[in-house]
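J.: Quick one: this structure, given as structure tokens, is what I'll be asking you about.
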Amino acid sequence: MMARSATMLSLASVLLAACGPMTVEQAERACFERARLAERPRGMVAVGAGSGGVGGKVNVTITSDFLQGRDPSAVYDACVFQKSGQPPRQPLYSRYDWKG
């Protein structure tokens with residue numbers, strides 16, 4: 001009975017740890033795409049033809065952040081803080097990979 005309790009306690013600890021905050025680095029990676037989508041919609045259009053005829057595909061992603069006109073930097077800051085409990089290490093607009 002004692003071994004079972006210890007196993008259940010270990011399992012609960014692992015599950016709770018998975019729900020804990022991310023590191024700032026992980027949060028910055030996760031929030032970067034959300035900031036990009038706040039700047040403008042993203043998408044693709046594909047058209048093709050073959051023996052089966054002509055086909056096409058459209059894929060567009062529009063977020064509520066974009067529709068509400070939120071500043072991508074503010075979206076990024078809030079997202080990183082929400083996920084890690086800490087502010088980003090550097091502002092979005094000073095990141096080398098930001099092309100906004």
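The values are calculated or read from the model by the stated rules, or taken from the named source; none is laboratory data. In this text the structure is predicted, and so the values were computed from the model without any measurement. All Cβ positions, even for glycine, are placed from backbone atoms using ideal geometry, and neighbour counts span all protein chains on display. For the accessible areas, the whole protein counts, side chains as well, though only heavy atoms, and no ligand, DNA or RNA atoms are used. Shrake-Rupley method; radii C 1.70, N 1.55, O 1.52, S 1.80 Å.
J.: At least 2 residues that are at pLDDT 90 or above and of a type in the set (A, V, I, L, M) in each: list the helices (runs of 4 or more DSSP H) lying fully within the stretch 13-100 that qualify. Working first, answer last.
T.: Details: elements: 24-39, 64-67, 72-84.
In the stretch 13-100, 24-39, 72-84 are the helices (runs of 4 or more DSSP H) which contain 2 or more residues that are at pLDDT 90 or above and of a type in the set (A, V, I, L, M).
J.: Okay, moving on. Pick out the one residue from P87, P21, P72 that is touching a Gly at 6+ places or on another chain (Cβ under 7 Å), open to solvent by 40 Å² or more (accessible area, probe 1.4 Å) and not acidic (D, E).
T.: P21
J.: Looking at the stretch 25-63, which of its residues are within 24 Å of P87 (Cα to Cα) and open to solvent by less than 70 Å² (accessible area, probe 1.4 Å)?
T.: A27, E28, A30, C31, F32, A35, L37, A38, E39, T63
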